[in-house]
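Peer 1: Here it is, the structure, as structure tokens.
The values are calculated or read from the model by the stated rules, or taken from the named source; none is laboratory data. Since this is a predicted model, take the numbers as computed values, not measurements. As a convention, Cβ positions derive from the backbone with ideal geometry for all residues, glycine included, and neighbour counts pool all protein chains shown. Heavy atoms of the whole protein, side chains included, go into the accessibility calculation; ligands, DNA and RNA do not. Shrake-Rupley method; radii C 1.70, N 1.55, O 1.52, S 1.80 Å.
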Amino acid sequence: MPEHLKACYLIIDYDVQSPPSSSEIAKLLEKGSEEEKIDAMKTLILMILSDEHFPRMIMTVVQHAMRVDSKDMKKLLIIYWEAIEKTNPDGTIKDEMVMLCNALRNDLLSPNEFIRARTLRLVSKMRYREMMDTLLQPALECLTHRHPYVRRNAVMCVYSIYLAFGEDILPDAVERIDNLLSSETDLSTRRNALLFLFEASPTIAMRYLNSVLLDEDDSNSVYGTSIDILQLVVLDELKKVCKANPLEKGKYMKSIFNLAMTSKSQSVLFECASIITQLTSMPNAIKLAISTYLKLLNDPSSDSNMKLLLVENLVLLKDKHKKILQDQAVEILRALTTPSNDIRSKCINLVLELLSNRNVEDIIRILKKELLSVQGKKEEISYQDMLVNALHTCAVRFPGITEQVGLVEVLMDSCLLQEVTDTDVSSFIQQIIVDYPSLRGIILNKLYHIFAEINSATVYRTALWIFSEFAEDADKTINCILHSIGESPYFNKKEKTEVFEVKEESERAHKTVILPDGTYGTQILSAKDIAKPKNLTGLRKLLTETEEVDYYLITVIAKSLTKLFFKLPEMKKNSHKHNILSILCSIIQIRTYPKKSRNSTEYSEIPCSIDPENFEQVILCMQTITGLRSSDWVTSGIDLYKQTQEENIKQTEEISTENQLTQPDDLIIIKQLRGKEGISDMDFADDTSFRTLFEDSNLNDFSLKLSKVRTLTGLDDVVYVECSLCMNHYDISAEFNIYNRSSETLKNLTLELAVDGELKLVEKPQVINIGPLQNSIMKATVKVASTEAGVIFGNITYDTQRGGNVKVITLNEIVIDTIEYINPSYCSDGEFRKMWQEFKWEFPVAVTSGKKDLVEFVRKIACKTNMQVLTHENVLRCSEDFLVANLYAKSKFNEDALMNVSVERTGNGITGNVRIRAKNSGMAKCLGQRISMITRYDN
């Protein structure tokens, strides 16, 4: 077996700064005490597994370690014989291993059951014919041992030898295993024997299966077995038989159905349901499979990983068996009791795709109940978002049901008064009131009642817009808004605190109170208690009880009051004009104290006034109310809102990757003839070798593979090395092509690698010999922990036939580009804004370019950074002089990357800023450096 392809059975991490030398270990094995010898053996094994070589240590172990009469030493010796290299460089077996056969033979005949079984497992991993001649007969004798632990390992040893050397070395193996199976009572041994027979003689295996295991009346049948190991083997073989011979399917499907209904093992039930969905499409069978999946999904003992797999399988069944799943939608929602938000999200998304007139009321009822149960729980914020979005989808698709079940009232009562889920709920209410006029009265009346209790500026902006567009009683609405703002004066929270601190302690007031015993007492009030308002309403609290004032909210208040003012009858305008202008003049003068930095909790000591843009808008409203400016701009915004919604829906449909319906003239896909595009997640799930051929989308793209080849040495070096990297989930598989350009053999050629950054070398290349003018391939695996940039570096060492010093060639560095782990993705505007507020790492970049087309510049950035442009095309081209766009991507590690591009066109080209935010600094910095490189090349 070539060294670079040899099997690896055991990996133990061992990292010591100064490991002992071979002479030190040999000295301990020769002259140390029993405990010292055991410790020396442990160290030796760990160093061998860390790719250290001790070829001369075998005889020392044989002479000294094997003489120690200790169970611990015996266990270590078995691991040592498994770990060491057993062949010479030319592939022939070492002489020491031939000498070892006698010791292994004695262990196979040992009276200790554990030593026998453990030695059988060691022999099953050996692939050397020279050793098998001595060890085969003792291994066969273990098949009739009295202890089942020895018998089950003996069967697997015979199975492994049969697979490695064929029937020539074991001509009577089938007969021996058949005789053992007929009288065996141990389930594990029967399971191993069945595995062997299915490989060596499927006819005998199926005969035994039909006569014993599938007999419902037999107490030893597979149905009466409480241990799942035998049932799983039977199911796997029945599936293979049914696929190989479809005529036998009806005969064995009944057995699979019986197992699905009688087994208590979760793994067996899952396997039964999976096999049923693969072998048949009969409605009754699919119902049984789906009910089995749901039984496991709602089982409290099922772990989260299994539940995720179950939901994914149900999603795969949705396209072909949607009607059956629609009847089980309520059962799917029972899985919402699990604490995992990933499972909840998948269940909710699946149920939303199964909505119909028959089940929508039950689904909304369950979602409402869940929403009320998590109301006010801060740890369930993301779950509340899921429920609100789900109810939103139900209301949009079935507006008649929305009015019947009182969905709007529930959402407004449970969510609008808290800061969690406020954005989603307010947007939902906004869309409902625009699209369904019959619900406008209900929404407006509810807003009047809760308007003073809202705690979020985002919800207030939406509520004010609704009032200004749909309120029929303008007088009542204006009074409601003015009452929520309260009377002047208006001070910032920080300013009020400073005023109270300046007050003299002598300024106190006395108040008569009733004590608990019924007598009267006097309470002394400070100046702060006297000046503090009794009940601060929502809008007043947002304007005065915060250091950082939201001036955009003030602008929305001004515009809403202006629109409502022009809805008033002429006789009432004069009475409201003074109150509106007085409040606008007061709130526009509120000063703000911004934070010292975005991540800081401290506020600046220097106040700031309202920004020019919002100041201009408020002044415009005041001039319009007084008649100094025309009121032509005061128009309805409903049409503009509808237009924006239509564009958003169109954009979502363009980006969404919904499954396409199969057309009557589509080609029929045949398994053996189909390509990558024909692979299904449910069909032929057991054909792992067939699937592997198409897993890598770049496998057949030879030109793309060549473009990723990196040269690590010079063309004039004795050893020429090229490397190609393949990204596979969280691993990087590095393939090194090594060419010997000299006319002599290079011995002990070693590729020594090291990594820097968030990388870890998990598989080192083996030592090889290369003949003159020949080449060899060496492989290494690097594990990636995150999208942090990393570097692979190292050198090659080798000996020549002439001897002398070891030759060393330093390799060029391999820089792992983070961009290769980033893929374009899509998210909604609300999700983008929420993540923009949460992410703390920001990398700003000032950009300049000689290009003239702003849209082309943004698309180039998106292409070079593997990001998706979220801003709609119409918005991108609304102006030729400036452009603002949002971009989004997601890494293979589920890390989000956000980008905001703000550029303008000048006489010399394009100038502006790009801001990148991410969860970790590595991704933000990498994207920022890529953008800097793009703009540098443009100039």
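Peer 1: In debye to the nearest 20, how big a dipole does segment 701-816 give about its Cα centre with +1 on each Lys and Arg Cβ and -1 on each Asp and Glu Cβ?
Peer 2: Details: 11 positive and 14 negative charges, 56 e Å.
That gives a dipole near 260 debye.
Peer 1: Provide the per-residue ³J(HN,Hα) series for segment 569-578, in order, calculated from phi with Karplus coefficients 6.51, -1.76, 1.60 and θ = phi - 60°, each as a whole number of Hz, with x at glycine and proline positions.
Peer 2: Residue by residue, segment 569-578 yields x, 4, 5, 9, 5, 5, 5, 8, 4, 4 Hz.
Peer 1: Quick one: Karplus J couplings for segment 365-381, per residue in order, coefficients 6.51, -1.76, 1.60, θ = phi - 60°, nearest Hz, x for Gly and Pro?
Peer 2: 4, 5, 5, 5, 4, 5, 5, 5, 6, 9, 4, x, 8, 5, 6, 10, 4
Peer 1: Sum up the charges of everything whose Cβ sits under 13 Å from the Cβ of L194, counting Lys and Arg as +1 and Asp and Glu as -1, but leave L194 out.
Peer 2: Neighbour charge sum, excluding L194 itself: -1.
Peer 1: With point charges of +1 on the Cβ of Lys and Arg and -1 on the Cβ of Asp and Glu, referenced to the Cα centre of segment 240-388, which listed residue (L317, V241, Q266) lies farthest in the positive direction of the dipole?
Peer 2: V241
Peer 1: Moving on to the next point. Just the Kirkwood number for segment 19-120, please: inverse of mean 1/r across all distinct Cα pairs, in Å, one decimal.
Peer 2: Final number for the Kirkwood radius of segment 19-120 is 14.1 Å.
Peer 1: Considering amide H positions built from the backbone, and no H for Pro or chain starts, which residues 5 or more places from Q868, or on another chain, come under 5 Å of its amide H?
Peer 2: S825, Y888, A889
Peer 1: Restricting the calculation to Cα positions, tell me the Rg (one decimal) and the Dmax (whole number) of segment 269-407 in Å.
Peer 2: 15.2, 48
Peer 1: Moving to a separate point now. Enter the per residue convex hull volume of segment 701-816, computed from alpha-carbon coordinates, in Å³ rounded to the nearest integer.
Peer 2: Working: hull volume 11.7 nm³, N = 116.
Cα-based convex hull of segment 701-816, divided per residue, equals 101 Å³.
Peer 1: Filter the trypsin sites (Lys or Arg not before Pro) in segment 264-337 to those in DSSP coil with at most 14 other Cβ atoms within 10 Å of their Cβ, and list the result.
Peer 2: Loop-located and lightly packed - K264, K320.
Peer 1: Average projected area of the Cα convex hull of segment 820-938, in nm²?
Peer 2: For segment 820-938, averaging the hull's shadow over all directions gives 6.7 nm².
Peer 1: With a 10 Å radius around each residue's Cβ, average the other Cβ atoms per peptide and rank 579-585, 85-91, 382-388, highest first.
Peer 2: 382-388, 579-585, 85-91
Peer 1: Also, I was wondering about something else. Which cross-chain or sequence-distant (5 or more) residues have an amide H under 5 Å from the amide H of T546, H modelled 1.01 Å from N in plane?
Peer 2: Placed amide hydrogens put K493 under 5 Å from T546.
Peer 1: Shifting gears a bit: Sorting check: for 229-239, 121-131, 28-38, 871-881, which peptide has the highest mean count of neighbouring beta carbons within 10 Å, and how do the rest follow? Kindly include the intermediate steps, with their values, before the conclusion.
Peer 2: Details: 229-239: 20.7, 121-131: 17.8, 28-38: 15.0, 871-881: 12.9.
Top of the packing list down: 229-239, 121-131, 28-38, 871-881.
Peer 1: Of the options V719, V808, N748, report the single residue whose Cα projects farthest towards the positive end of the charge dipole of segment 701-816 (beta-carbon charges: Lys, Arg +1; Asp, Glu -1).
Peer 2: N748
Peer 1: Apply the Kirkwood formula to segment 809-857: the hydrodynamic radius equals the inverse of the mean of 1/r over all pairs of different alpha-carbon atoms; give it in Å with one decimal.
Peer 2: Over segment 809-857, the inverse of the mean reciprocal pair distance is 15.6 Å.
Peer 1: When the Karplus curve 6.51 cos²θ - 1.76 cosθ + 1.60 is applied with θ = phi - 60°, which whole-Hz ³J(HN,Hα) does each residue of segment 22-29 get, with x for Gly and Pro?
Peer 2: Those phi angles translate into 5, 5, 5, 5, 5, 5, 5, 5 Hz.
Peer 1: In units of 2.2 N^0.38 Å, what is the alpha-carbon radius of gyration of segment 66-213?
Peer 2: My calculation over the Cα atoms of segment 66-213 gives 1.09.
Peer 1: Taking the simple approach of a point 7 Å from Cα along Cα-to-Cβ for both R802 and D72, what is their distance in nm?
Peer 2: So the two model labels end up 5.2 nm from each other.
Peer 1: Determine the distance separating the Cα centre of segment 102-177 from the Cα centre of segment 738-814; give it in Å without decimals.
Peer 2: 39 Å
Peer 1: Taking the Cα centre as origin and putting +1 on Lys and Arg beta-carbons and -1 on Asp and Glu beta-carbons, what dipole magnitude results for segment 820-938, to the nearest 20 debye?
Peer 2: So the magnitude is around 320 debye.
Peer 1: Can you give the Kirkwood hydrodynamic radius for segment 249-303, in Å, rounded to one decimal and based on Cα pairs? Walk me through the numbers before you get to the answer.
Peer 2: Details: mean 1/r = 0.0893 Å⁻¹.
Radius from the Kirkwood sum: 11.2 Å.
Peer 1: Per residue, how much accessible area does segment 701-816 show when a 1.4 Å probe rolls over the protein heavy atoms, in square angstrom?
Peer 2: Accessible surface, normalised per residue, equals 53 Å².
Peer 1: Also: Set the Förster distance to 45 Å, then compute FRET efficiency between D236 and D95 from the Cβ-Cβ distance, nearest 0.05.
Peer 2: 0.60
Peer 1: Another one. So what is log10(I(q)/I(0)) for segment 139-182 at q = 0.18 1/Å, when the Debye sum runs over its Cα atoms only?
Peer 2: The computed values of log10 I(q)/I(0) come out as -0.47.
Peer 1: Separate question: For L28, what charge total do you get from the other residues with a beta carbon under 9 Å from its beta carbon, if Lys and Arg give +1 and Asp and Glu give -1?
Peer 2: Once all neighbours under 9 Å are counted, the net charge is -1.
Peer 1: With the dipole of segment 17-138 worked out from charges on the C-beta (+1 for Lys and Arg, -1 for Asp and Glu) around the Cα centre, which of L136, A103, H64 lies farthest toward the positive end?
Peer 2: L136
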